[in-house]
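J.: One structure follows; several queries about it will come next.
The values are calculated or read from the model by the stated rules, or taken from the named source; none is laboratory data. Computed from a predicted model, the values in this text were never measured in an experiment. Virtual Cβ from ideal backbone geometry, glycine too; neighbours counted across all protein chains shown. We work out accessible area using only protein heavy atoms, side chains counted, and drop any ligands, DNA or RNA first. Shrake-Rupley method; radii C 1.70, N 1.55, O 1.52, S 1.80 Å.
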Amino acid sequence: MLLAIAGGIAYQKMHTEPMELATSYVFEQPRVLAPFTLADQYGNAFTNQSLQGKWSLFFIGYTACPDVCPTTLNKLAAAYPQLQKIASNVQVVFVSADPKRDTQAKRLDYINFFNKDFKAVSAEHSDLFPFSRDLGFVYAMVGDDSDYQVDHSASYVLVSPRAEKIAVFKTKPKPGQLPQIINADLIADFSQIVQSWH
């Protein structure tokens with residue numbers, strides 16, 4: 001009976017103070033990611049264990065991306081100090097959807113240009129595709145020659161310190177402009193989500 005009352009109070013508190021989120025959607029039921037194994041820019045294994053105890057902000061792209069990826073990583077690098085003030089255990093993870101060209105060395109050079117604290121992970125498509133789909137990202141190769149491009153999601157996905165997918169930050173497309181997430185919206189939403197998490 002006491003548990004039921006306590007649960008009712010917690011439920012009531014959660015729902016009387018709804019979050020007013022600018023750019024994100026919080027899943028009603030956080031979901032643990034399926035087991036995965038990727039490699040980071042140093043060649044170290046990046047697995048579910050790498051997410052434990054950290055807030056992980058994921059973004060998918062590729063190093064030859066002409067616009068969305070460098071713009072997004074610049075914005076994330078600018079937002080990172082503010083995100084760290086909210087949660088010192090935050091990590092930004094760039095997922096390369098182009099394992100053929102984005103070697104470990106290339107990912108290392110690329111991510112270091114933006115922020116050496118960021119992770120740059122990838123894997124063969126057989127491992128990468130189910131992992132990306134589990135996060136809610138999509139990607140596809142466009143073109144047949146070696147100059148192909150990769151179509152990919154422009155959203156971010158937030159994974160909790162329990163390795164659960166908890167929220168997605170979505171772009172607000174404007175005609176004639178790159179799809180992007182405004183840093184002020186990202187920081188404000190991240191703060192609310194982290195503070196409400198328990």
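J.: When residues of region 41-67 are filtered for being out of contact with any Pro (no Cβ under 7 Å at 6 or more places or on another chain) and either open to solvent by less than 50 Å² (accessible area, probe 1.4 Å) or under 19 Å from Lys172 (Cβ atoms) (or both), how many remain?
T.: Adding up the residues that qualify gives 16.
J.: Also, I was wondering about something else. Exactly one of these conditions fails for Arg31: (1) open to solvent by 80 Å² or more (accessible area, probe 1.4 Å); (2) not in a strand (DSSP E or B). Give me its number.
T.: Checking Arg31 against (1) open to solvent by 80 Å² or more (accessible area, probe 1.4 Å); (2) not in a strand (DSSP E or B), the one that fails is (2).
J.: Please indicate, with yes or no, whether at least one residue in region 107-114 is open to solvent by less than 70 Å² (accessible area, probe 1.4 Å), under 23 Å from Ala140 (Cα atoms), charged (D, E, K, R) and assigned to a helix (DSSP H, G or I).
T.: yes
J.: Would you call Tyr25 open to solvent by 30 Å² or more (accessible area, probe 1.4 Å) and either under 23 Å from Gln192 (Cα atoms) or touching a residue at least 40 places away in the same chain (Cβ under 8 Å) (or both)? Talk me through it step by step, then tell me what you get.
T.: On the way: open to solvent by 30 Å² or more (accessible area, probe 1.4 Å): yes; either under 23 Å from Gln192 (Cα atoms) or touching a residue at least 40 places away in the same chain (Cβ under 8 Å) (or both): yes.
Yes: the conditions hold for Tyr25.
J.: While we're here: Counting just the residues of region 68-89 that are hydroxyl-bearing (Ser, Thr, Tyr) and surrounded by fewer than 22 Cβ atoms within 10 Å (Cβ to Cβ), which one comes out modelled with the lowest pLDDT? First the steps, then the outcome.
T.: First, the residues of region 68-89 that are hydroxyl-bearing (Ser, Thr, Tyr): 71-72, 80, 88.
If we keep only those that are surrounded by fewer than 22 Cβ atoms within 10 Å (Cβ to Cβ) too, we end up with 71, 80, 88.
On the way: Thr71: 91, Tyr80: 98, Ser88: 95.
So, considering only residues that are hydroxyl-bearing (Ser, Thr, Tyr) and surrounded by fewer than 22 Cβ atoms within 10 Å (Cβ to Cβ), the one modelled with the lowest pLDDT is Thr71.
J.: I'd like to know if region 44-62 contains one or more residues that are in a helix (DSSP H, G or I), closer than 26 Å to Met141 by Cα and touching a residue at least 12 places away in the same chain (Cβ under 8 Å).
T.: no
J.: Can I ask one more? Between Asp117, Asp134, which is surrounded by fewer than 20 Cβ atoms within 10 Å (Cβ to Cβ), charged (D, E, K, R), under 15 Å from the mean Cα position of the chain (by Cα) and assigned to a loop (DSSP other than H, G, I, E, B)?
T.: Working: Asp134 fails: assigned to a loop (DSSP other than H, G, I, E, B).
Answer to the check: Asp117.
J.: Also, I was wondering about something else. Return a yes/no flag: does region 162-179 have any residue that is touching a helix residue (DSSP H, G or I) at 6+ places or on another chain (Cβ under 9 Å) and closer than 19 Å to Asp40 by Cα.
T.: Yes.
J.: Test Val138 against the criterion of being closer than 30 Å to Lys85 by Cα, of a type in the set (Val, Ile, Thr) and in contact with a strand residue (DSSP E or B) (Cβ under 9 Å, 6 or more places away or on another chain), and give yes or no. Write out each step before concluding.
T.: Working: closer than 30 Å to Lys85 by Cα: no; of a type in the set (Val, Ile, Thr): yes; in contact with a strand residue (DSSP E or B) (Cβ under 9 Å, 6 or more places away or on another chain): yes.
Against the criterion (closer than 30 Å to Lys85 by Cα, of a type in the set (Val, Ile, Thr) and in contact with a strand residue (DSSP E or B) (Cβ under 9 Å, 6 or more places away or on another chain)), Val138 does not qualify.
J.: Can you confirm whether Ser191 is crowded, with 21+ Cβ neighbours inside 10 Å, more than 19 Å from Gln41 (Cα to Cα) and not charged (D, E, K, R)?
T.: Values: crowded, with 21+ Cβ neighbours inside 10 Å: no; more than 19 Å from Gln41 (Cα to Cα): yes; not charged (D, E, K, R): yes.
Criteria not met by Ser191.
J.: Do you know which residues across region 80-106 are part of a helix (DSSP H, G or I), free of Cβ contacts under 8 Å to residues at least 24 places away in the same chain and among the polar types (S, T, N, Q)? Let's see the steps before the verdict.
T.: Just the residues of region 80-106 that are part of a helix (DSSP H, G or I), to begin with: 80-86, 104-106.
With free of Cβ contacts under 8 Å to residues at least 24 places away in the same chain added as a condition, the list becomes 81, 84-85, 105.
Passing the criteria: only Gln84.
J.: hydroxyl-bearing (Ser, Thr, Tyr) and closer than 29 Å to Ala64 by Cβ: which single residue out of Ser146, Ser191, Ser160, Ser196 fits that description?
T.: Ser146
J.: Here is a check on your reading of the model: is Ala154 part of a helix (DSSP H, G or I) and under 17 Å from the mean Cα position of the chain (by Cα)? Step through it out loud before you land on a result.
T.: Values: part of a helix (DSSP H, G or I): no; under 17 Å from the mean Cα position of the chain (by Cα): yes.
No; evaluated as a whole, the condition is false for this residue.
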